[in-house]
Structures are given as C-alpha cells and as structure tokens.
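Engineer: Pasting a structure here, questions to come.
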Amino acid sequence: MAKVLTSRKENYAQWYNDLVIKADLAENSAVRGCMVIKPYGYAIWEKMQAVLDKMFKDTGHSNAYFPIFIPKSFLSREADHVEGFAKECAVVTHYRLKNSENGKGIEVDDTARLEEELVVRPTSETIIWNTYKNWIQSYRDLPLLINQWANVVRWEMRTRLFLRTTEFLWQEGHTAHSTKEEAMEETLKILGIYSEFARNWMAMPVEIGTKTENERFAGAVETYSIEALMQDGKALQSGTSHFLGQNFAKAFDVTFLNKEGKLEHVWATSWGVSTRLMGALIMAHSDDRGLVLPPKLAPLQVVIVPIYKKPEQLGLIGEKVDIIMKKLVDSGISVKYDDRDTQKPGWKFADYELKGVPVRLALGPRDVENNTVEVARRDTLRKEVYPMEGIEKTVKNLLGDIQDNIYKNALDFKERNTFLVDTYEEFRHITETKGGFILAHWDGTKETEEKINQETKSTIRCIPHNHSGEAGRCMVTGKPSPRRVIFAKAY
RNA sequence: CGGGGUGUGGCGCAGUUGGCAGCGCGCGUCGUUCGGGACGACGAGGUCGGAAGUUCGAGUCUUCUCACCCCGACCA
C-alpha cells in the first residue's frame, strides 16, 4: 500500500498536518494563518454545530448575531479584558481604496480614515454587553440566554490548521442573570453540556475543572474548561465556560430593577467552543491510515463499493445495492454508493479509510451469488461477510459498536496516561518522557505555577472537579495543598 | 519578534563547472485490468517567487525584495 501519511511515531505534528490535508478537511489559504475549511471538513463542523445548537436550544438559549466590528473604545471598558486581547487584535482604520497614482494596482485612500477605529472581534463580550444595556431594565427581562455562531479573529504568531488559526469559527454564549447563584449555575450547566457533547458525540473523554488565575479568561471571575488528552500526551483545551460576575455589567452599566425596586448590576456568563474541536476530534481517534470518525459525527456513515469486471456484473450489484441503500436510509443511516468507474476498488478502500468513513460495504459477483455483503469497520479495520438479510440491523449495531469502541479506546488511553505524582523529580521525569495528565499537589501560588511552567513547559490544565479532594503537600515547595491539580503540556 | 529552512508544471522533487528545463505522482486519450492504492502506449501542461545586476549566455553567480513552512516566546 502506498504510504500517504507520516506515521504518528515518526513525527506526530507532521502526521496531523498530513492528515488534515490528505483527508480533505482543510488547507492553508492565501492569507497567512487563515485556513480554508473544505467541504468534507465543514460537513463535520456542521454536524457538531447541529448537535450543540440543539443542546443550547433545549436548555432555553436563542441564537442572535452581533457585528464583527467593535468600536475600539468598547474593548478598553473592562481593564483585564482589554489587557488580555490587545496584543492580538486586527484593527480596521480605513473604509475606502483608490487606484494608485502610478496606475498600477490599488491603495488605501488616506482621506478615508475612520474617526474611531474598529477592532475585528476577538470575542464579543464588549459589543454584546453594550447592547444588553438597552435590553435589560427589570428582573422580568432576565435571564437573557443568547448564543451566536460567528467567526472571530485573533492575530496569532504561530498557527496550525484547526488548532490555532488567525480566524476561526465558534459559538459564543452570553447570558445575563439576576443572581450570582443563577449565573454560576448556568456556567456549570454549559460546562456539563460541553462535557456531554465530547463524551457522547465526539467519543472523547474529558476532564472538567476550574482554571487557575493564570489561565483564566481575561475579564472573568472564574473560568471552567474541558480538557482532552491527545495521542501525543499533550492536553487540548476543548471548551471554556466563564462566570463573569458583574465585571461586564459594571463596565457597561447594565442594571436591572429587582422585585424590591432596587437597582442592581446583572450577573453574567460567557462560554464557547470552536473549530478547535475539529483538531481534538482528529487527534483523539485517528491512526496511521487516516481519520477515524465517531459514527455520530461522520458526514458519511457508510460507503458501498462495488467490485466487478464487466458492466453486466455492475448492473446486478446495483440492484442489490438499491435494496441495501433503501434499508439503511430508512434506518436513519447516511450512505453513499460509490460506483465511479474512474477509481479502482483498492483505491476507494484506501481513500475512505483516509477519510474515516466508519463502515464500508463491498459487493462483488461472489456476494451477489451468495446473497452476502462484506462489511469492514474503520476503527479495527476488521472485515466480515454478513448475509444481505437484515443488513440494516447489522450496520446499525456496528455503528453503535464503533462509537462505543473508539470512546473506550480513548478512555483507556487517557487512563493509561494519567499519573498520580508526589515528587517534583518524578513529575519532571514523566513530562520529559511520556507526557499525559499528571495529578499532583500544588501550593496554589502563581509563583510556583510559573516556576513549574518555566522548568518543565507544563501548565496547570485545571483544578479537576471529578477527582477526590485529598489534601497533601506541594511537590515543589512542600507547602500544604488542599487537592491535586492536573498538569500537562498543552496545545 | 528571534533561530532554521524552502520557493522550478496541479502536487512532491532533481537540476553537476553558468551552455537545449527534467523526473515521479496526478491529469487527458486508447487498450488490457478491477475482492486492498493496476499496467502499457501516446499526449497536454513551465515567463524556474519578484526586481536589478554580472555575462556572449543565468534555474545556477551577486545584491535587494516578497512569500510560505518548521522550531521558540504569546494564545482557544
């Protein structure tokens, strides 16, 4: 078989890049740092969107859309917020071009300078809270539960397809509440949704937890995240949910009259997942032959490949395939019959493996004669011949098995690569050799966190919610620690 | 913004001492093939990233410039 991908062992980063390109998910564009998401990649993103969108709506949220441009002055209203984002903002200064003096090309018209420059949104808190001010007067207007699907721009130094690009797609939820408790409840509810989405749809186990002050969103009181472990032992922050307290309400003077007729600032949350989830999905399951997709998010769940020598044989196969297709479609399975005669079966097998299609059916003259189908699953690469009779049940069960199996594999991997560590020496050894999640005690200070980061390149991914809070002593300073936190090298 | 690297057909690359721009893949036509990336024959496709210079002659030498990739610091 012709080798298309760099193997993971050889060079993990290269494997990822190769895979994204070769599986036709995305490519680099003419604009540095910005990607073109290709139809196959976008189809996966659309599936993710559809599921998440429903989850948000089922919990009472509505979609809306706010401008891509933010007046520069808005950004500076919340001090921490502007400090966090100032270094990576694209700024619009002019609104017109003109023909160059020398007749060649086109240039910025200096006479068309904007009075107030516009920032291309790196996130939308400021424009949204400026708007919410007019929407909220009374406790009766609350809670306000809004989400938007949008693109944002963060001018990054170094980019990688899906994992970090200058422009990316995401959803950002922005909610307003009358009490602190309710806002906090919302923040954690969304964290739960993200975790459930990762678990049940992406087949990706995640750690949920609280971010340290260092890693907190600029302008938030508390940031929570879901953290996934990639096959190279590095962590990927896959979603964040922020409790914003009254920071933005105060900055944008968003107040409401409570039941007692008293004026109060509202309580806020914001939360988001981005096309980075695509990167997580790719790295969580895929192998050296290509993408492995969970059936629940695969744009195409089943592909049927005919094997034949003569046109008459193709005709006979086609008749059987029509029957199978109908049964599968009736069972809610997405299926494609690839009867192109421009590619050979072997080529198609390899190509659909590269693209991660969960199940492949092959039908040849032999199958027509015996009333059978060859069924191949992408996750284990195993092939078996099944009777045509009841094929829809066979396939449906198999899709379920695959979804479960890749989750189980990812979970096993995470467990095998999660280490309980008590000494700094051992900590350094593991970060240098294996990577993975390391549960260790930390004294809670920024100084120690930074020292560990400097010396080992590891960061505290989160203070986990799902591990016991047994107390101990900081592995670096020996000071008391109330609970273990999760360290890892991160994307 | 530092360090390293690369720009030659759609993609991946070779191009020696400066002397007719090549190879593999892909693409097109025809034929044989088709149960794990088939094979043969013929064919199409290039102002060698850009500008200036040296030279009888530049893909190759000089200077400038632009772009992209990789590794770091910053980040979802």
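The values are calculated or read from the model by the stated rules, or taken from the named source; none is laboratory data. Keep in mind it's a predicted model, so treat the numbers as computed, not measured. Note that we place each Cβ from the backbone using ideal geometry, even for glycine, and neighbour counts take in every protein chain shown. What goes into the accessible areas is simple: the full protein's heavy atoms, side chains included, and nothing from ligands, DNA or RNA. Shrake-Rupley method; radii C 1.70, N 1.55, O 1.52, S 1.80 Å.
Engineer: What are the residues in region A:86-122 that are touching a strand residue (DSSP E or B) at 6+ places or on another chain (Cβ under 6 Å) and in contact (Cβ under 8 Å) with a residue 60 or more places away in the chain, if any?
Structural biologist: Within region A:86-122, A:Cys89, A:Ala90 meet the criteria.
Engineer: Do we have A:Lys348 as open to solvent by less than 50 Å² (accessible area, probe 1.4 Å) and closer than 23 Å to A:Met278 by Cα here?
Structural biologist: Judged against the criteria, A:Lys348 is not a match.
Engineer: What are the residues in region A:211-252 that are of a type in the set (D, E, K, R) and touching a residue at least 40 places away in the same chain (Cβ under 8 Å), if any?
Structural biologist: Of everything in region A:211-252, those that are of a type in the set (D, E, K, R) and touching a residue at least 40 places away in the same chain (Cβ under 8 Å) turn out to be A:Lys211, A:Glu213, A:Glu215, A:Glu227, A:Asp232, A:Lys234.
Engineer: I've got another one for you. Filter the strands (runs of 3 or more DSSP E) completely within region A:189-245 down to those with at least 1 residues that are among the aliphatic types (A, V, I, L, M) and surrounded by fewer than 24 Cβ atoms within 10 Å (Cβ to Cβ).
Structural biologist: A:207-210, A:235-245
Engineer: Next question, about the same structure. Please work out which residue is most open to solvent (accessible area, probe 1.4 Å), limiting yourself to region A:160-185 and to residues that are out of contact with any strand residue (DSSP E or B) (no Cβ under 8 Å at 6 or more places or on another chain) and near RNA strand B (Cβ under 9 Å from one of its atoms).
Structural biologist: Checked region A:160-185; the qualifying residue most open to solvent (accessible area, probe 1.4 Å) is A:Arg164.
Engineer: Strands (runs of 3 or more DSSP E) wholly in region A:365-435 with at least 2 residues that are away from RNA strand B (no atom under 16 Å from the Cβ) - which ones?
Structural biologist: Strands (runs of 3 or more DSSP E) meeting the threshold: A:418-420.
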